[in-house]
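Written below as structure tokens is the structure these notes are about.
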There are 2 protein chains.
Amino acid sequence: MATIKAAILGFGTVGQGIYHILNEKREELKNKLGLELEVAKILVTDTSRERVPGTQHLMTDNMAEILEEDGLQVVFEAIVNEEPAYTYLKQAIENKCHVITANKVMFAKHGLKLQALAKEYGVFVGYEATTAGGVPVIKTMKNILLVNDVSRIQGILNGTSNYILTKMRAEGWAFEDALKEAQRLGYAEADPYNDVSGQDAFKKIMILSALAFGEQPDWDDVEVIGIDRISAEQVKLATEKGMRYRHVAEVEKREDGTIFAKVGPMLVDAEHPLYPVDDVNNAVALETNYIGTLSLVGPGAGMYPTASVMVEDYAEIIGKRAGFVVRI
Amino acid sequence: MATIKAAILGFGTVGQGIYHILNEKREELKNKLGLELEVAKILVTDTSRERVPGTQHLMTDNMAEILEEDGLQVVFEAIVNEEPAYTYLKQAIENKCHVITANKVMFAKHGLKLQALAKEYGVFVGYEATTAGGVPVIKTMKNILLVNDVSRIQGILNGTSNYILTKMRAEGWAFEDALKEAQRLGYAEADPYNDVSGQDAFKKIMILSALAFGEQPDWDDVEVIGIDRISAEQVKLATEKGMRYRHVAEVEKREDGTIFAKVGPMLVDAEHPLYPVDDVNNAVALETNYIGTLSLVGPGAGMYPTASVMVEDYAEIIGKRAGFVVRI
């Protein structure tokens, strides 16, 4: 059976998740796709630390070595910041590799450019994992957009914020205590700024804007408010009125063609679809012309949800070669 | 530009919806798919009645005439009962046509057989429209199943029942009055038996069972209870306790490998994800191993949601020929 060679860039939580899933599902993926996938290289900054037993010989801290790997076809990227991720993915695409990324900071800014480059080189860019974790909003929207227009997108896109708001309400905790617990559970980074300031949700709604409308609003025009100024007292008051705080990102294309986005806390009552969306769950509602409003809810964070949708991206890319011949 | 010829079997609400969308989206589909789609034939039982202006010359009451149409490649089927739909789709597949169906009664019973036949003849079967209307549960689950196992599916799968339960609660109507209004709005058939008895939801959960587990439980072993025995008094009592009736279909694969399904009314509180799912909306929750629980909510009925997902099926089938070459 033919083998496809892949590299993983970044071997933290998500990178390791990909590796584990590819191992656990090796036989099944082989049977379903008719191809074997081999992780040939793993890019890390410190090659001396073996994170997963048996991977030491795959590790390198040199991207050039990965690009030179003979027959490399797929690059999974799970690095955190804009650079060097963007440069690496450009290089991978120019080497005719399909790339699959979980990097929302990089993709919010450079996604449209990377996709244009990929088209030029005849490869695919998978980016389901950049937005809403395990919730397949990118694939769903791509499919809907084949026939429908999407006019508005609204969602809870940051699992950490939603977890904190949930605990403040359900446990009566102060913001700081809920944040500490989120950090202890690995939901929030040591520096929680991106999550609680709304910047993380902002990046994700920009990715969805690019997909739905082919463009983004000017970033400076978007009001972004986090959850860090919501007090335990405010949450208590809302609960007494039967309301819940949700942190909501939204973007819409208005009738005059302009794109409007905002990110911030919102009070919802029990009739609102976002009312029962607790803990680290994410939710996305898509307003469309034919289908009406379609909502998706699922885990917005975690090693396996994120890694799983990246492996699905891979399977989807491989599936595109399925021997369909149009009889024309 | 090359043209693909299609036929529509059945020209009621859904059949006409397909025709309208294909016309409205003609240019866009052409640009996105690089192929033009032409509706070459429409199968009806009464050819004397022109339902949509300009379609008279396309109508026939003879399936043989459709199968003989030169270069026919896609058959959209929107007929209601098991036969002759099953026979027609078998014939279409044997003629190497891709088939796209909205017929849940037929597909619940014959879906696995049709898919096996299609595989043999190298064509695709699209059946997104059989289940949950505009909610893309089939595509989402197919994609998830590439990497995940689905262990349990739970959902509101009959929009008419959900509409009736919503009106009984929100307006205080009796079952009969809510049913009459549903019929007036075109949600319920003149004979509402399939909807309110739970039989419609049962067929849909059987379709999802076949997809998730490759098999169905013995139909006789499944308890199916409708909403027709729920009184206005019961609904009022539930509301006073902060609960809502939902009509829920579920199927799960148990640890011993057996498949268990049931269909019936359920009381849910405000914490339950199905609590805010009102009116004709459908909802499906999929329990998976890597992603966790993923839920989808959207319109479960209507001309455009159903027709729209059928055209998406078509676009997806065409998209599979996308020029992806594996470099091995």
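The values are calculated or read from the model by the stated rules, or taken from the named source; none is laboratory data. No experiment lies behind these values; they were computed from the predicted model shown. Methodologically, a virtual Cβ is constructed for each residue, glycine included, from the backbone with ideal geometry; neighbour enumeration extends over all protein chains shown.
Determine which member of the set B:A232, B:A188, B:A249, B:A182 is hydrophobic (A, V, I, L, M, F, W, C) and either more than 25 Å from the chain's Cα centre (by Cα) or not assigned by TED's automatic domain parsing to the domain that holds B:I291 (or both). Write out each step before concluding.
Values: B:A188 fails: either more than 25 Å from the chain's Cα centre (by Cα) or not assigned by TED's automatic domain parsing to the domain that holds B:I291 (or both); B:A249 fails: either more than 25 Å from the chain's Cα centre (by Cα) or not assigned by TED's automatic domain parsing to the domain that holds B:I291 (or both); B:A182 fails: either more than 25 Å from the chain's Cα centre (by Cα) or not assigned by TED's automatic domain parsing to the domain that holds B:I291 (or both).
Result: B:A232 is the single residue among B:A232, B:A188, B:A249, B:A182 that is hydrophobic (A, V, I, L, M, F, W, C) and either more than 25 Å from the chain's Cα centre (by Cα) or not assigned by TED's automatic domain parsing to the domain that holds B:I291 (or both).
In region A:221-246, how many residues are outside any helix (DSSP H, G or I) and closer than 15 Å to A:D269 by Cα?
So the first thing to find is which residues in region A:221-246 are outside any helix (DSSP H, G or I), and the list is A:222-231, A:241-246.
Adding the requirement that they be closer than 15 Å to A:D269 by Cα leaves A:241-246.
Number satisfying all stated conditions: 6.
If you take the residues in region A:281-292 that are surrounded by fewer than 24 Cβ atoms within 10 Å (Cβ to Cβ) and at pLDDT below 95, which one is nearest to A:E181 (Cα to Cα)? Break it down stepwise before answering.
Just the residues of region A:281-292 that are surrounded by fewer than 24 Cβ atoms within 10 Å (Cβ to Cβ), to begin with: A:285, A:287, A:289, A:292.
Filter again for at pLDDT below 95, leaving A:289, A:292.
Working: A:N289: 42, A:G292: 38 Å.
By that ranking, first place goes to A:G292.
Determine which member of the set B:G292, B:G257, B:G242 is at the interface with chain A (Cβ under 8 Å from one of its Cβ atoms) and at positive phi.
Details: B:G257 fails: at the interface with chain A (Cβ under 8 Å from one of its Cβ atoms); B:G242 fails: at the interface with chain A (Cβ under 8 Å from one of its Cβ atoms).
Only one candidate qualifies: B:G292.
Working carefully through the options A:T45, A:T55, A:T87, find the one that is of a type in the set (V, I, T) and surrounded by 14 or more Cβ atoms within 10 Å (Cβ to Cβ). Walk me through it before giving the result.
On the way: A:T45 fails: surrounded by 14 or more Cβ atoms within 10 Å (Cβ to Cβ); A:T87 fails: surrounded by 14 or more Cβ atoms within 10 Å (Cβ to Cβ).
That would be A:T55, the only listed residue that is of a type in the set (V, I, T) and surrounded by 14 or more Cβ atoms within 10 Å (Cβ to Cβ).
In region A:276-309, what count of residues is obtained for those that are of a type in the set (D, E) and out of contact with any helix residue (DSSP H, G or I) (no Cβ under 8 Å at 6 or more places or on another chain)? Before you say what the answer is, go through the steps one by one.
Applying the first criterion (of a type in the set (D, E)) to region A:276-309 yields A:278-279, A:287.
Filter once more, so that each one left must be out of contact with any helix residue (DSSP H, G or I) (no Cβ under 8 Å at 6 or more places or on another chain): A:287.
Final tally of qualifying residues: 1.
Of the residues B:E312, B:E271, which is closer than 30 Å to A:G300 by Cβ, within 14 Å of chain A (Cβ to nearest Cβ), out of contact with any His (no Cβ under 9 Å at 6 or more places or on another chain) and without any contact (Cβ under 8 Å) to a residue 60 or more places away in the chain? Please lay out each step first, then the result.
Values: B:E312 fails: without any contact (Cβ under 8 Å) to a residue 60 or more places away in the chain.
It is B:E271.
For B:A301, are the conditions met, namely being part of a loop (DSSP other than H, G, I, E, B), touching a Gly at 6+ places or on another chain (Cβ under 6 Å) and either outside the structural domain of B:V99 (by TED's automatic domain parsing) or touching a residue at least 40 places away in the same chain (Cβ under 8 Å) (or both)? Break it down stepwise before answering.
On the way: part of a loop (DSSP other than H, G, I, E, B): yes; touching a Gly at 6+ places or on another chain (Cβ under 6 Å): yes; either outside the structural domain of B:V99 (by TED's automatic domain parsing) or touching a residue at least 40 places away in the same chain (Cβ under 8 Å) (or both): yes.
So B:A301 passes the test.
How do the helices (runs of 4 or more DSSP H) wholly within region A:1-97 filter down when requiring 2 or more residues that are within 18 Å of the chain's Cα centre (by Cα): which remain? Break it down into steps so the answer makes sense when it comes.
Values: elements: A:13-24, A:26-33, A:63-67, A:85-94.
Result: A:13-24, A:85-94.
Identify the single condition in (1) more than 22 Å from B:E316 (Cα to Cα); (2) within 11 Å of another protein chain (Cβ to nearest Cβ); (3) of a type in the set (G, A, S) that B:A2 does not satisfy, given that it satisfies every other one.
Against the list (1) more than 22 Å from B:E316 (Cα to Cα); (2) within 11 Å of another protein chain (Cβ to nearest Cβ); (3) of a type in the set (G, A, S), B:A2 comes up short only on (1).
Would a scan of region B:226-247 turn up a residue that is out of contact with any strand residue (DSSP E or B) (no Cβ under 8 Å at 6 or more places or on another chain), among the aromatic types (F, W, Y) and buried (at least 16 other Cβ atoms within 10 Å of the Cβ)? Don't jump to the end; show me each part of the working.
Initial filter on region B:226-247 (out of contact with any strand residue (DSSP E or B) (no Cβ under 8 Å at 6 or more places or on another chain)): B:228-229, B:231-233, B:236-237, B:239-242.
Filter once more, so that each one left must be among the aromatic types (F, W, Y): none.
So far as region B:226-247 goes, no, none of its residues is out of contact with any strand residue (DSSP E or B) (no Cβ under 8 Å at 6 or more places or on another chain), among the aromatic types (F, W, Y) and buried (at least 16 other Cβ atoms within 10 Å of the Cβ).
So is A:I205 touching a residue at least 40 places away in the same chain (Cβ under 8 Å), buried (at least 23 other Cβ atoms within 10 Å of the Cβ), in the same structural domain as A:T160 (by TED's automatic domain parsing) and part of a loop (DSSP other than H, G, I, E, B) or not? Don't jump to the end; show me each part of the working.
Working: touching a residue at least 40 places away in the same chain (Cβ under 8 Å): yes; buried (at least 23 other Cβ atoms within 10 Å of the Cβ): yes; in the same structural domain as A:T160 (by TED's automatic domain parsing): yes; part of a loop (DSSP other than H, G, I, E, B): no.
No.
Is one or more of the residues making up region B:124-141 in contact (Cβ under 8 Å) with a residue 60 or more places away in the chain, buried (at least 20 other Cβ atoms within 10 Å of the Cβ) and over 26 Å from B:G12 (Cβ atoms)?
Yes, some residue in region B:124-141 is in contact (Cβ under 8 Å) with a residue 60 or more places away in the chain, buried (at least 20 other Cβ atoms within 10 Å of the Cβ) and over 26 Å from B:G12 (Cβ atoms).
So, in region B:70-84, exactly how many residues are touching a strand residue (DSSP E or B) at 6+ places or on another chain (Cβ under 7 Å) and surrounded by fewer than 17 Cβ atoms within 10 Å (Cβ to Cβ)?
First, pick out the residues of region B:70-84 that are touching a strand residue (DSSP E or B) at 6+ places or on another chain (Cβ under 7 Å): B:71-79.
When the remaining residues are screened for being surrounded by fewer than 17 Cβ atoms within 10 Å (Cβ to Cβ), the result is B:71.
Qualifying residue count for the region: 1.
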